[in-house]
Amino acid sequence: MILMNDFKAEPEELRTAELAAVGRVLHSGWYVLGNEVKAFEKMWAERCGIASAVGVGNGMDAIEIGLRALDIGEGDEVITTPMTAFATVLAIIRAGATPVLADIDPETALLDPASVERCIGPRTRAMLLVHLYGQIRDMERWAALCDRHGIALLEDCAQSHLAQWNGKTAGGFGLFGAYSFYPTKNLGALGDAGALVCNSETLAQRAAVLRNYGQSVRYHHTELGLNSRLDELQAALLQVRLNYLDVYTARRRAIATAYREHIVNPGVRMLAAPLQPESHVYHLFVLTSPERDRLAQHLKSRGVETYVHYPVPVHRQPPCKDLRCDPNGLAAAERHAAVCLSIPCHPQMSDADVNAVIEEINAFQ
Ligand SMILES: *Cc1c(COP(=O)(O)O)cnc(C)c1O
């Protein structure tokens with residue numbers, strides 16, 4: 001089976017380095033929020049070209065903590081996309097704010113600016129842009145739109161590790177960027193982990209207080225925070241795995257290039273190609289087909305695993321069915337959910353695997 005992710009196929013030298021990192025933590029006798037976390041935060045901020053990174057428990061908490069650190073909550077609306085991981089919207093709700101869902105551009109599955117503008121109202125405080133599938137795009141346009149309406153730009157970077165637009169890295173455009181290091185992400189830990197990145201020292205400090213019960217000095221609480229601390233083991237493992245990120249991203253891009261060149265089936269469409277080589281890190285390679293379910297079945301029978309990201313848009317999930325949406329509806333998101341299919345695009349794939357995926361898709365009738 002050609003899998004969507006294949007961690008067992010990771011190189012032995014990576015395993016060895018990970019075991020050494022685990023040993024270092026065991027011997028340190030310090031397991032939560034320590035020097036490993038500090039070292040990883042510094043490395044990650046540097047790689048993002050951003051002043052600060054604050055390690056937290058997961059990507060969803062990074063969003064919630066970022067919102068709370070900006071005092072975005074009760075009575076405030078945050079515009080985002082229904083075509084995303086549920087965590088994006090759940091984090092807004094957990095922060096006490098109200099999500100408002102705008103439609104997507106069917107060519108990219110990213111938010112559609114015209115729809116976002118239709119969603120803006122007197123209570124809109126921010127727009128949370130999701131760099132879906134690893135694509136960052138048109139950031140000047142988003143920044144200008146937010147400026148024009150006096151709302152904050154925020155970034156969900158859970159799928160876009162080190163993607164760049166005009167030389168600037170995801171997470172550096174908004175007031176904060178929220179990263180997830182869930183194992184399947186482009187940079188993944190061996191458990192849950194996340195980070196908030198930002199250029200404001202004040203915001204970073206507040207986030208660091210919020211992640212630890214709102215504690216400013218040991219046993220002194222300046223506000224009601226949460227428990228979302230990054231542990232030393234994950235931080236040590238992330239430092240090791242970060243050494244592989246560039247090579248792995250290059251491999252994802254090479255696979256995507258092969259798919260774009262060689263998948264030729266009139267019943268299958270690609271999303272729009274990235275406008276800049278660095279602006280897509282191919283967390284996922286997503287096709288669309290009106291015969292999506294049959295294509296997935298065909299591929300499964302030929303030994304190719306696929307997933308659907310995402311089969312149910314957020315506004316169709318029962319707890320979110322009453323959320324405010326674009327008054328014109330969310331037809332593009334609904335259509336995308338019905339036709340999208342993610343095919344394997346991970347760094348451990350061999351050229352033979354890539355060719356097999358291409359051949360099986362081309363053979364589909
Ligand atoms: C994975 C993901 C999240 C949530 O990250 P967790 O670490 O799983 O909490 C949020 N947004 C998007 C777009 C994601 O892909």
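All of the numbers you see were taken from the coordinates with simple rules; none came from a lab. Computed from a predicted structure; not experimentally measured. Neighbour counts run over all protein chains shown; Cβ positions are idealised from the backbone, glycine included.
Some observations on this one:
- Highest-MSF residue in the chain out of Gly75, Gly96, Gly57 [GNM, Cα springs under 10 Å]: Gly75
- Taken one residue at a time, the phi angles of the stretch 299-316 give Karplus couplings (6.51, -1.76, 1.60, θ = phi - 60°) of 5, 4, 5, 9, x, 10, 7, 9, 10, 10, 10, 10, x, 10, x, 3, 5, 9 Hz. Gly and Pro are set to x.
- Neighbour-count ranking [beta-carbon atoms within 10 angstrom, fewest first] of Met83, Met1: Met1, Met83
- 5 angstrom amide H check on Val304, placed H, neighbours 5+ away: Ile2
- Using a Förster distance of 30 Å, the FRET efficiency for Asp246-Arg316 (Cβ separation, nearest 0.05): 0.20
- Residue-span extension gain [Lys300 to Asp147] - 0.36 nm each, minus C-alpha spacing: 50.4 nm
- Derived scalar couplings ³J(HN,Hα) [the stretch 197-205; Karplus, 6.51 cos²θ - 1.76 cosθ + 1.60; whole Hz; x for Gly, Pro]: 10, 7, 9, 9, 5, 4, 5, 4, 5
- Amide H contacts of Leu129: Leu154, Glu155, Asp156, each under 5 Å away and 5 or more positions distant or on a separate chain (H built 1.01 Å from N in the peptide plane; Pro and chain starts excluded).
- Under 24 Å from Lys185, Cα to Cα: lysines that are on another chain or at least 8 residues apart: Lys8, Lys38, Lys42, Lys168, Lys300
- With each label modelled as a point 7 angstrom along the Cα→C-beta vector, the Ile93-Leu190 pair spans 3.4 nm.
- In terms of overall dimensions, the stretch 1-120 has a Cα radius of gyration and Dmax of 19.4, 56 angstrom.
- Phi to ³J(HN,Hα) by Karplus 6.51 cos²θ - 1.76 cosθ + 1.60 over the stretch 64-75, Hz, x for Gly, Pro: 4, 5, x, 4, 5, 5, 8, 6, 9, x, 2, x
- Among the GluC sites (Glu not before Pro) in the stretch 104-201, those located in a DSSP loop and surrounded by at most 16 other Cβ atoms within 10 Å of their own Cβ are Glu107.
- Taking 0.36 nm per residue of separation and subtracting the current Cα-Cα distance, fully stretching the chain between Ala114 and Arg218 would add 32.7 nm.
- Rounded, prolate or oblate (a/c below 1.5 giving rounded, otherwise prolate when a/b exceeds b/c) for the chain by Cα gyration tensor: oblate
- Neighbour count of at most 16 Cβ within 10 Å plus DSSP loop: longest trypsin sites (Lys or Arg not before Pro)-free window in the chain: 1-122
- Every helix of 4 or more DSSP H residues in the chain counts as -39500 (n - 2.57), and over all residues that averages to -12000 deg cm²/dmol at 222 nm.
- GNM top mover of Leu210, Leu19, Leu128 - the chain, alpha-carbon springs below 10 Å: Leu19
- P(r) weight above 15 Å for the stretch 69-153, C-alpha pairs, percent: 54 percent
- Between Val100 and Val78, Ile79, Thr80, the built amide H atoms are under 5 Å apart, and every one of these is 5 or more places off in sequence or on another chain.
- Take the Cα of Val308, step 7 Å toward its Cβ, do the same at Gln205, and the gap between the two points is 4.9 nm.
- Additional length obtainable on full extension of the chain from Met1 to Arg324, 0.36 nm per residue less Cα span: 112.1 nm
- In this simple spin-label approximation, Glu140 and Asn265 carry label points 7 Å from Cα along the Cα→Cβ vector, and these lie 3.9 nm apart.
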